[in-house]
Every structure is written in C-alpha cells, then in structure tokens.
1. With the chain treated as a Gaussian network of Cα nodes joined by springs under 10 Å, which of 325, 284, 220 yields the largest mean-square fluctuation?
2. If the only charges are +1 at each Lys and Arg Cβ and -1 at each Asp and Glu Cβ, what is the size of the charge dipole of segment 2-334 around the Cα centre, to the nearest 20 debye?
3. Name the residue from 315, 295, 79 whose Cα lies farthest towards the positive end of the charge dipole of segment 2-334, charges +1 on Cβ of Lys and Arg and -1 on Cβ of Asp and Glu.
4. Given just the C-alpha atoms of segment 294-333, how large is their convex hull per residue in cubic angstrom?
5. Taking a ≥ b ≥ c as the square roots of the Cα gyration tensor eigenvalues, with a/c under 1.5 meaning rounded and otherwise prolate when a/b beats b/c, else oblate, which class fits segment 94-209?
6. Okay, helix-only estimate at 222 nm for the chain: each DSSP H run of n ≥ 4 adds -39500 (n - 2.57), divide by all residues, round to 500 deg cm²/dmol; what do you get?
7. About its Cα centre, what dipole magnitude does segment 243-338 give when the only charges are +1 on Lys and Arg Cβ and -1 on Asp and Glu Cβ, stated in debye to the nearest 20?
8. In percent, what relative contact order does segment 184-338 have, based on Cα pairs under 8 Å that are 6 or more apart in sequence?
Amino acid sequence: MIAHIKPQRFVAAALALAVAFATVHGSAGDAERFGLFTATLDGGNVRRILSDPQRELNHAHVSPDGKWITFTRYNRRAWNGIARETGGYAETEIMLARIDGSGLRSLVPPRKGIAAANGRWSEDGKAILYVSTDNPGRRGQINRIDVATGRVAKVPLPGDPWAADPHARGAQLAISVFDPVRQATAIWLADLENTRSRQITHPSVAGIDPAVNAPLGDFDPKLSPDGSRLVAMRNLGRHNWHIVSVDLGSGAERDLSAARTVDGVPEWSSDGRKLVFWHVDTADLEKSGLYTMNPEGRERKRIPLPRGHFYTLPAFFPGDGSGRDARIIFSAEKNPLL
C-alpha cells in the first residue's frame, strides 16, 4: 500500500485545518478551487498558472531550463466530487505543462488502484523520476519516464527497497524507505553507478501515527546543491513534524524546528543559502503558510502572499538563487477563512 511509503503528504497539516476547510469543501463548483502559482520570494509577482475545480494539483517542480513544469494531479474523488491528497494516491498522474500553463498533458495517465506521483526532474531535464506502485504487491518503487519518448523504466535500487520521494544529484539518489518490520521510514542514499546504498537517517521513532494513519520517521529528502547535506521532514507523531538536516560526511544531524511544531517539505535554493518550506500554526491558522530559513534553522521568515488561500508545497526555480527576486512555484487551495 502506498499509504505506508509516502506519507500522506503532510496530512497532519491538512487535518489541523479540517475545521477551516469544512465550509469550503461541500461542493465542486469553484473553477479555481485548486491552483498552481508562481511568485517571487518577497511575496510579489503572484501569478496563477493552472487551476482545477475538483482535482488537487501539487508537488510542482520547474525544469532545469525553466520552460516546463511537472506536477501531481489527483483523481480519486470523495463523496463531494473532490479529489485531493488526503484521499490517497490511487489514480494519481504525472502532469506536464509549459511554465505559463499552456500545453497541459498527462505524461503518466491515471490508472485505477495505481499511484504515479511526486515527480522530480532529472538534472539534464530529459526525464522525470516519480513514485509508482505499478507492480503486483503495490510496493513503492521509483520509475523514470523519458519526456520525449514516454518510455518508462523502473530505477534499479540496491536491495529493492520500499521506496518513495526521489531526489537525484548526479549518481546519488536520496529516497525515503519504509521498513515494514519497524513500521518506520528513514532516508537512504543510493549510488546508482556502483549499485550501493546506505542509510542516512536513523530516527528513534517507529510505528504508525494514529493521528494521520502514516508511519513515523523521515520523508521527502532533498540533497543540497553541493551534495554535502540533505534535509528531510520527520513525523514525530500527533501533528508534530520537524525539518532535519544531515551532514553526509559526518552523519551529524540537526533539528531545524521548534520543540513542537508542524514544518515540512523543505526545498533548497539553487545557491544553497535558503530553504523554503510549508508551516502550519495549529494555534493560529492565519500564521500558516510558506516560510524560508537558512540551512542552520535561523532567519525564519514568512513569505507575504495574498490572503484567501491555503498555500503548500513550495519549490524554488532552478538557478534563481535566494534573493528577494528569486521565484518559487507552489500549490494553493481557496479558503476564505485564511
């Protein structure tokens, strides 16, 4: 089950906002309910590039040449006709569009009971790595699709782990791996040239978080631009998600979040000077949104985006650095209470 390898993408935050969402999830008639936006890091130049009245759009990333985007679209609908991440990853698809939203097409079309989600561009921009459960056991595996030809191949990982969340730098592929014995998830680094792998994080937590029905442990690894570090988000249970940083040389780990908080899905700027991430303040929902901080966890700052949306899953544009004019792409859902 993909429920054991994802997790259900920061579902802790979604549940924290359940009361706020209740008033706007009753129908599927809003043509701009879900959207993908771009903006600059100072909160300016906000632009909607795609929208959908019924299907959530997220995990958007810009191609290395800045001309294309890939993202995940959800198709498994709830009783109210809305398809969203909290409903699971079955029938997800990998989408492709130009940076202005034109030329939209399904690169990996949806199939009943099959996940195709969380795509990341290869460094040369010719392919997309994504999570798939297209196998008899519905185990999480990493696939690679060639954008030009549509040819799909499974990425051979050492030990054939139960894998998700691919992020590659050169021959190094960071993935989150679910251990069905411990019922926990940790970050592994696979060397694709030498068919070797090693465990990077060793979270002390294990088991299933009853608050969100997802494993405890680490998810969404992102390798730094120079390949010396990675960041990931750690589910500690009961709406307590932290961002952790790991030095790949020494193995030293640093927790970048407050003692009890909801931080997650960090992404590096191209110069390695900033992280952008998603934060939910369960005590004051209006403080929830997209934030930045430096890789040591300091200089934490909210990106001042327009009110009226729940913003999630930000990522920097390749090559834009970390100045105020650096661009980000992110997901949003209309919510008049925010």
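What follows draws every value from the coordinates through simple rules; no lab data is involved. Not measured: the values here are computed from a predicted model. Reconstructed Cβ throughout: ideal geometry from the backbone, glycine too, with neighbour counts over all protein chains shown.
1. Ranking 325, 284, 220 by mean-square fluctuation puts 284 first.
2. Working: 43 positive and 37 negative charges, 113 e Å.
Dipole size: approximately 540 debye.
3. Farthest along the dipole direction, towards plus: 79.
4. On the way: hull volume 3.6 nm³, N = 40.
It comes to 91 Å³ per residue, whole-number rounded.
5. Working: a/c = 2.00, a/b = 1.53, b/c = 1.31.
Since a/c reaches 1.5 and a/b is larger than b/c, the shape of segment 94-209 is classed as prolate.
6. Numbers: 2 runs with 10 residues, N = 338.
The per-residue figure over the chain is -500 deg cm²/dmol.
7. On the way: 13 positive and 14 negative charges, 63 e Å.
My answer is approximately 300 debye.
8. On the way: 359 pairs, mean separation 21.2, N = 155.
With pairs under 8 Å counted, the relative contact order is 14 percent.
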